[in-house]
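What follows is a short report on a single structure.
Values quoted throughout were computed directly from the atomic coordinates according to the rules given, and no laboratory measurement underlies them. Since the structure is predicted, the reported quantities are computational estimates derived from the model, not experimental observations. FYI the Cβ positions are ideal-geometry reconstructions off the backbone, even for glycines, and counts take in every protein chain you see.
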Amino acid sequence: MKRTKQSLRTLSLICATIMLTVGVGGCTDGMRHPEEYSTDGSNRVAATSNPQTISKEDLGHTWPLKVDEGTVSCKLSKHGDPILRFTTSDGAQYALNQVQDNENLKSIETLKSDKSKSVGTLMSFAFSVCDISK
């Protein structure tokens, strides 16, 4: 009787260990680094100049704007804050961030094709443009 209880306890521990191992292994099997997710090409866009043209083709489904392309620029304010701007092909400028130097510009939010779209990918790209010296 004692031996049967011990065998059942051991068998239960082995089963629990196997289930835990399979469960954890199954969870991590689908985990990937965010850069590995398909974004229709946006992961291949690298800032190479400041300012730099960027298009709907570059960002694929993450492109949030009504226009198909524009120029992203970055300069530093006298306080060292990045001033991020998006300029359309007709010369209209939009503020990508809310800093004092952009207060007289329309927000990029007004140029969105759909209110549910995020400008996050475009903003990330704009910050990478800041890293390129003029």
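Before moving on, here are some points about what is shown:
- Were the residues from D131 through A92 laid out at 0.36 nm apart, the gain over their Cα-Cα distance would be 11.7 nm.
- The range 78-127, Cα convex hull volume normalised per residue, Å³: 87 Å³
- Stokes-Einstein D (µm²/s) once Rh is taken as the Kirkwood radius of the range 40-130 over alpha-carbon pairs, at 4 °C in 1.567 mPa s: 99 µm²/s
- Total charge dipole magnitude, the range 40-130, about the Cα centre, Cβ charges on Lys, Arg, Asp, Glu only, Debye to nearest 20: 140 debye
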